[in-house]
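Notes for the one structure printed next.
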Amino acid sequence: MQRRWAAIYLAFFLVMAASAYSVMAVAEEPAMDIEGDTYQQGDTLEAEGTTYTVAEVGDGEGTVEYNTTETQQTEFANNSVVEYGGGEYNVTVESAEEPDSFTLTEEFDVESILQNDSQVDNQTYEREDGTEFVRYKDGSTEPLDEYLPEPNQEQFSTGDSIEHDGTTKTVDSVSASGAVLTWEETTTVSIGMEEGDVVEIGGTEYVATFPDDSTVLLSTDIEGYEQVSENREYFDKRISGLNYVILFSLGAGFLLAATALMPRRE
């Protein structure tokens, strides 16, 4: 009698497991059927006069890149030393109530020049009146300003172009404190995307989804994507529940069968 009831319950649990499995077999996950344009690596799209390039797509993520040009600026402070033309130059702003120009005067590495001249000492000296001079090996002297070669000088005014740090820059303004240089610089901006991310391209918001490992779909139907995502989450919960039914039914059936087949003590 005990085994008969065990067989009945075992059949019941097997039917439950089979039923749950049959439901899982025919169930289909809601499709991501929102409208949008698909792109692969290297594809471009135009928005607000800007070209966007899909730089990378794979493993459920991607990157869109675009170039932007921004105005940069730097300042040559008055009486400062700046790098120019492969050397160092002193900045001198025009002495005027409203200056509009400045002069770059070459600065010399006095120490290196003296060390490379075997006819003079390797250092400079200073007279009582503050004049700096060099001393020759024969005992004669010469003011440092006269000993050094004529420095290179270049003058620039507002609106002039100047080559500095490998870039052509424009003298934007000049004041008593210094000169402001401006130039245009193009930089690449990257927009990262993952499944479900909302990104802004050309002022429009798109939701990103990945139909396969090499394709990204960009859609403006953000609400539609959210609805499908909710449906998929509901679907996954139900499939998970069916899995638990199968595991519980098989486990309970195995336990009943094992208990019913245990030897009885007479």
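The values are calculated or read from the model by the stated rules, or taken from the named source; none is laboratory data. These numbers were taken from a predicted model, which means no experiment stands behind them. Here the Cβ is made from the backbone with ideal geometry for all residues, glycine too, and neighbour counts use every protein chain on show. For accessibility, only protein heavy atoms count, side chains too; no ligands or nucleic acids. Shrake-Rupley method; radii C 1.70, N 1.55, O 1.52, S 1.80 Å.
In table form, for the structure just shown:
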{"item": "Boolean, Y89 is in contact with an Asp or Glu (Cβ under 6 Å, 6 or more places away or on another chain) and either closer than 21 Å to S161 by Cβ or not charged (D, E, K, R) (or both)", "result": "yes"}
{"item": "Failed criterion for T168 (all others in (1) under 16 Å from T103 (Cα atoms); (2) under 37 Å from the mean Cα position of the chain (by Cα) hold)", "result": "(1)"}
{"item": "Residues of segment 146-159 that turn out to be surrounded by 14 or more Cβ atoms within 10 Å (Cβ to Cβ) and not hydroxyl-bearing (S, T, Y), as a count", "result": "4"}
{"item": "Given (1) modelled with pLDDT of 90 or more; (2) surrounded by fewer than 17 Cβ atoms within 10 Å (Cβ to Cβ); (3) not charged (D, E, K, R), number of the condition V54 does not satisfy", "result": "(2)"}
{"item": "Qualifying positions in segment 39-49 - surrounded by 14 or more Cβ atoms within 10 Å (Cβ to Cβ) and either hydroxyl-bearing (S, T, Y) or modelled with pLDDT under 90 (or both)", "result": "Y39, A47"}
{"item": "Within segment 160-217, strands (runs of 3 or more DSSP E) holding 3 or more residues that are surrounded by 14 or more Cβ atoms within 10 Å (Cβ to Cβ)", "result": "167-175, 178-194, 204-212"}
{"item": "V134, sole failed condition from (1) open to solvent by 50 Å² or more (accessible area, probe 1.4 Å); (2) in contact with a helix residue (DSSP H, G or I) (Cβ under 9 Å, 6 or more places away or on another chain)", "result": "(1)"}
{"item": "Evaluation of E70 against (1) outside any strand (DSSP E or B); (2) surrounded by fewer than 12 Cβ atoms within 10 Å (Cβ to Cβ) (one fails), failing number", "result": "(1)"}
{"item": "Residue among V120, V82, V93, V110 that alone is touching a Ser or Thr at 6+ places or on another chain (Cβ under 8 Å), open to solvent by less than 30 Å² (accessible area, probe 1.4 Å) and not acidic (D, E)", "result": "V93"}
{"item": "Pairs with Cβ under 7 Å, 6+ apart, first in segment 82-105 and in a loop (DSSP other than H, G, I, E, B), second aliphatic (A, V, I, L, M)", "result": "P99/V93; P99/V174; P99/A176; D100/V174"}
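So that you can scan it fast, the table gives a plain yes or no per residue for (1) of a type in the set (A, V, I, L, M); (2) at pLDDT 95 or above:
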{"residue": "D160", "(1), (2)": "no, yes"}
{"residue": "A179", "(1), (2)": "yes, yes"}
{"residue": "M193", "(1), (2)": "yes, no"}
{"residue": "G196", "(1), (2)": "no, no"}
{"residue": "Y206", "(1), (2)": "no, no"}
{"residue": "Y225", "(1), (2)": "no, no"}
{"residue": "R238", "(1), (2)": "no, no"}
{"residue": "V245", "(1), (2)": "yes, no"}
